[in-house]
Amino acid sequence: MTRMMVAHPLPLLAILLQLLLSCLPALGYSNRFFYQEILNGNGNGEIHFNGVKLHVDSSQPSLFALRGSNATLSCRYWYEPELSSPRRVRVKWSWLPVMGGHETDVLVAIGPRIHSFGDFRDRVHLRQDSPGDASLVMTELQLNDTGRYRCEVIDGLEDKSATVDLELRGVVFPYQPPHGRYNLTYHDAQQVCQEQDSTLATFEQLFQAWEEGLDWCNACWLADGTVQYPITKPRSPCGGLGLAPGVRSYGRRHRHLHRYDVFCFSSSLRGKVYYLQHPQKLNLTEAQQACLNDGAQIAKVGQLYAAWKFMGLDRCDAGWLADGSLRYPITNPRRNCGPLEPGVRSFGFAPPHHKHGVYCYSAVVVFPYQPPHGRYSLTYHDAQQVCQEQDSTLATFEQLFQAWKEGLNWCNAGWLADGTVQYPITKPRRPCGGLGLAPGVRSYGSRHRHLHRYDVFCSSSPLRGKVYYLQHPQKLNLTEAQQACFNNGAQIAKVGQLYVAWRFMGLNRCDAGWLADGSLRYPVTNPSRNCGPLEPGVRSFGFPPPYQKHGVYCYSAGMQ
């Protein structure tokens, strides 16, 4: 009797995958990292042949966060029955945008190797706190990060997945452009929202806003291509008196042919919106220049709404915004400030030659810097280089003046970008101009850029990355601290980066740590008795000997 030989399926699978891989370059497929590794597995057999089942689950299928914050999308995998030894699996996270379209890769991890893709590159990583933990950690969330994320775990031929819906908390606002009602195609609507530091609102965001009291009768585009509007007070022009309150829908409309207004969505912001105290009213051009002169920019509509929603901005003065509209935010309603309910009041688009106030937006942090070799040792050109080395630039007078208004008090004179030497005093005292002078910015005037030496005031803007205190089993000298950050896939943080993380990301840590310049500092957002003065700020211990042992602050450049 002839015995029939049956080929084992695994070599055949490998051959087929190899053929597929050879075709990928011709197809322009970029994610070869993942598929090459399939052919280079550890050869420990397929689990389903042995009756073992792979399970994948998320403990939090829906997650809410704010722009600029961090989020952890939970995912865990395990085997039944439990395995006696760990296996090398492939973890893949992908993302389906809330606006629809194709699912795109976010991250792929195979053993210790991790690769991220596209706009997520280097700003996502796996938590891996325990065996089977495949949770995705996202830092510095962006407005467009909303959507459905899929955690897929692959072990040989076994492939299981779970999903997590990520939604940002924020404020929804209707927007009608200067040229009038119902003028926007879907793509116009996308651009308009982006120009106002926002994005197209989702239905879920609009529904939440309706539950919180948003009532608007004009039909507007949403992210999914539908056109809808929220009604809390039914009336004849808005669907009729006979209908109950709710979100009215026109359904999906043609994205190129149909025209409506738009609902935009803005989340928290990194800077500060304020009403500019100016001696006279301004036309639109003058208002834009006045904000620039104050070290800021004229605010956008989304920034004003975010400041009203998240920072409690309350001002009964109408002011220009960047789009030429005239608005003001009310947190505490009162008789002379419009309707007796909170909101952002709008006067539409006034003629640009009319005179009004203005709302400005500032997104820089100013800090004094003294180099390791001591006080008053920098020429102007040294000062430029020092700021650049700290991931910042020379501060302008307008930026220093704004920082003084916000409480910066520093007695040492420092270079500014215009070649003047000045310093800000909020608490007059004898060594700092004398008790008889009022608070203000003291000036030495313009100084010789090559001969005279002072300290410097630097300014930094929000950064595309994350500063963090490295959790390390022991304290480190400066060289060890630099290496420890490098081993963690990061760099030792610069002074400007630490100030930005403190100012715009709320970094709060009562542990002194090394920085790149050899200084020892720590950021305090929520002051407490054991962490120095009872006011927010970045504390400094100067430049200790580099052999001393301390903690360290690291900076990962891609984490946003």
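The values are calculated or read from the model by the stated rules, or taken from the named source; none is laboratory data. These figures come from a predicted structure and were not determined experimentally. In this analysis, Cβ positions are derived from the backbone assuming ideal geometry, glycine residues included, and neighbour counts consider all displayed protein chains. Protein only, heavy atoms only, side chains kept; ligands, DNA and RNA dropped before computing areas. Shrake-Rupley method; radii C 1.70, N 1.55, O 1.52, S 1.80 Å.
Some points to look at:
- Charge dipole of the chain about the Cα centre (unit charges at C-beta), most positive-ward option of Val106, Pro333, Thr420: Thr420
- Nearest-0.05 FRET efficiency for Tyr250 and Arg375, computed from C-beta distance (R0 51 Å): 0.15
- Listed peptides 286-294, 139-147 appear in the order 139-147, 286-294 once ranked by packing, highest mean of other Cβ atoms within 10 Å at the front.
- Ranked order, Phe117, Phe541, Phe263, Phe349 - accessible area, probe 1.4 Å, largest first: Phe541, Phe349, Phe117, Phe263
- Taking every protein chain into account, the accessible area of the stretch 297-351 amounts to 45 square angstrom per residue (probe 1.4 Å).
- Contour minus Cα-Cα distance for Asn336 and Lys233 (0.36 nm per residue): 34.7 nm
- Lys281 paired with Arg529, simple spin-label distance in nm, labels 7 Å along Cα-to-beta-carbon: 5.3 nm
- The heavy atoms of Trp78 offer some 70 square angstrom of accessible surface to a 1.4 angstrom probe.
- For the stretch 196-299, the relative contact order comes to 25 percent (Cα pairs under 8 Å, sequence separation of at least 6).
- The heavy atoms of His254 present about 80 square angstrom of accessible area, all protein chains included, probe 1.4 Å.
- Our coupling estimate for the stretch 446-455, obtained by passing each phi through the Karplus curve with A = 6.51, B = -1.76, C = 1.60 and θ = phi - 60°, is 6, 10, 5, 6, 9, 9, 7, 10, 8, 8 Hz, Gly and Pro reported as x.
- Simple label model, 7 Å out from Cα along Cβ direction - Asp418 to Asn508, nm: 3.7 nm
- Difference of contour (0.36 nm per residue) and Cα-Cα distance, Asn70 to Asp57: 2.6 nm
- Distance from the C-alpha centroid of the stretch 169-210 to that of the stretch 417-453: 46 Å, rounded to the whole angstrom.
- Note on the chain: helix-only mean residue ellipticity at 222 nm, from DSSP H runs of 4+ residues weighted -39500 (n - 2.57) and normalised by residue number, equals -5500 deg cm²/dmol.
- For the stretch 303-396, the equivalent ellipsoid derived from the alpha-carbon gyration tensor has semi-axes of 42, 16, 10 Å in decreasing order.
- Entries of Lys281/Lys405; Lys300/Lys355; Lys233/Lys355; Lys272/Lys475; Lys427/Lys475; Lys355/Lys427 with Cα pairs more than 29 Å apart: Lys233/Lys355; Lys272/Lys475; Lys427/Lys475; Lys355/Lys427
- Accessible surface of the stretch 75-222, 1.4 Å probe, proportion on carbon and sulfur as whole %: 46 percent
- Mean separation of Cα contacts under 8 Å, 6 or more apart, over the residue count of the chain: relative contact order %: 10 percent
- Hz values of 3J(HN,Hα) by residue in the stretch 137-146 - Karplus curve (6.51, -1.76, 1.60), Gly and Pro given as x: 9, 10, 10, 6, 4, 9, 4, 8, 7, 5
- Using θ = phi - 60° in the Karplus curve 6.51 cos²θ - 1.76 cosθ + 1.60, the 3J(HN,Hα) couplings for the stretch 244-257 round to 6, x, x, 9, 7, 10, 8, x, 6, 10, 5, 6, 9, 9 Hz; x is entered for Gly and Pro.
- Extending 7 Å from Cα along the Cβ direction at Glu103 and again at Asn488 yields two label points whose distance is 3.4 nm.
- Trp502 contributes about 50 Å² of solvent-accessible surface, heavy atoms of the protein only, 1.4 Å probe.
- Using C-alpha pairs under 8 Å with a sequence gap of at least 6, the mean separation divided by the residue count of the stretch 370-515 gives a relative contact order of 26 percent.
- Ranked from largest to smallest solvent-accessible area, with a 1.4 Å probe on the protein heavy atoms, Phe207, Phe457 come out as Phe207, Phe457.
- Note that the stretch 472-537 presents 48 Å² accessible area per residue, ligands and nucleic acids not counted, probe 1.4 Å.
- Of (1) 1.17; (2) 1.10; (3) 1.00, the label for Cα Rg over 2.2 N^0.38 Å derived from the coordinates: (1)
- Accessible surface ranking for Lys427, Lys405, 1.4 angstrom probe, highest first: Lys427, Lys405.
- Dipole magnitude (debye, nearest 20) for the stretch 445-560, charges at Cβ of Lys, Arg, Asp, Glu: 200 debye
- The stretch 57-150: Cα Rg divided by the 2.2 N^0.38 Å rule of thumb: 1.12
- You can think of it this way: the chain between His187 and Ala438 has 85.0 nm of extra reach, that is 0.36 nm per residue less the Cα-Cα gap.
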